[in-house]
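Taking it in order: structure first as structure tokens, then the write-up.
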Amino acid sequence: MTVQQDPPVRSVPRRRSVRRQFTTLYSGLFLASGATMLTVVWLIAGGSTKAVPASDGGAGPLPPGARERIASLEHQLAEAHSRQAHQLLLGLAVGLAVMGLVSVALGWYAAGRVLHPLRAMTAVTRRISADNLHERLAVQGPNDELRNLGDTIDELLARLEGAFTAQRRFVADASHELRTPLATMRAAVDVTLAKPGPLPEQTRTLAGRVRTELDQVDRLLDGLLTLARAQHGVLPGTETVRLDELAAEALDERADAITCRGLTVTREAAPDVRVHGSRTLLCRLAQNLVDNAARHNEPGGWLRVAVRAGGDALVHLVVENGGPQLTRDEVAELVRPFRRIGPDRTGGADGSGLGLAIVAAVAEAHGGTLELWARPEGGLRATVALPQADGDQESAA
């Protein structure tokens, strides 16, 4: 289910990439170690360029001009050492710069390889929802920290799947088991009212109230069973059906309620729009949408039902009605079971608080979606998008 409304504009903080942080760390460590090595080489090369003063060495007097020749040779040797040191330093600096760029590229590649399992785990985890908890990450590779993390997430998903399955099974089983005592109580009330002889008026009134409440509980259990089946993906009797016919049948069945409230009904239907699924559940989907639009409306208001085929191979069932204005938070609450808003959404004598929750579950079970819009003028627009039946499904049907 999607609640459509323009969200407030707000600034989104820029996400810091772990891959970029790893690359910066690798490159920084390499450059720091390279700069340290360059400094050591410079100190060693610089110390070796210092000229050693000439010494007679106790060999006696030198020939004329020999001392000047020695000094000149020592000076040339020092200059040669200095040039070699500068060339070595320049070569090391260029090499350090080149390797720095190479280290950035290698660091980026290495970080990507290290983080690839995390990206895969993130993608699979985002795809997994309450409807496909059976999927697992199944991380392959060495038995390292990443695989341990994936196995831990798989165990968590298994526990969640078990909890969801137990909850839905409990709802279905409890709803089914409660039908027998309800039928017994209804039969007892009917037998009491059918006894010969006059009954006190108070007894008849009380029996009528009990019968009304039993009917309400029975409708509630029927809604819970439908919701549980839809959430389990159980689609009884799948076939290809015309969605416009289901919408017309839902309007005809609610004709008395629509007439009592004086609603003006507008129908729009594309010809021969078909979907593939359970006729029972799809009928319930259309009925709940029409019933919700008729019940939560203003006396003398309006109601519009449209069925159209979209260009994206989807069929859209749109049910729109007038009424009081709703906020985004109130619209989001409408699809939650047993959650009602305002005094007009108490469900009345027939409401169970499951109408739109069943619509959302049935739509998801058929591969579709439910979108709710709060109309600015007041009221609600509900749009169900279902995959259009293809030729193979129609032939099979």
> Taking N as the number of residues in the range 178-232, what is its alpha-carbon radius of gyration divided by 2.2 N^0.38 Å?
Replying inline: 1.44
> Counting Lys and Arg as +1 and Asp and Glu as -1, each charge on the Cβ, what is the dipole of the range 238-396 about the Cα centre in debye, to the nearest 20?
Replying inline: 480 debye
> To the nearest 0.05, what FRET efficiency results for Tyr109 and Leu178 with a Förster distance of 45 Å applied to their C-beta separation?
Replying inline: 0.15
> Can you list the HN-Hα couplings for the range 21-37, worked out from phi with the Karplus curve (6.51, -1.76, 1.60; θ = phi - 60°), rounded to whole Hz and with x for Gly and Pro?
Replying inline: 5, 5, 4, 4, 5, 4, 5, x, 5, 5, 5, 5, 5, x, 5, 5, 4
> Across the range 93-99, in residue order, what do the Karplus-derived ³J(HN,Hα) couplings come to in whole Hz, using 6.51 cos²θ - 1.76 cosθ + 1.60 with θ = phi - 60° and x for Gly and Pro?
Replying inline: 5, 4, x, 5, 5, 5, 5
> Within a Cβ distance under 12 Å of Ala250, other residues only, what is the Lys/Arg minus Asp/Glu net charge?
Replying inline: -3
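Quick note: the coordinates plus some simple rules give every number you see, no bench work behind them. The shown structure was predicted, so the numbers you read here are calculated from the model rather than taken from an experiment. Backbone-built Cβ (ideal geometry, glycine too); neighbour counts: all protein chains shown.
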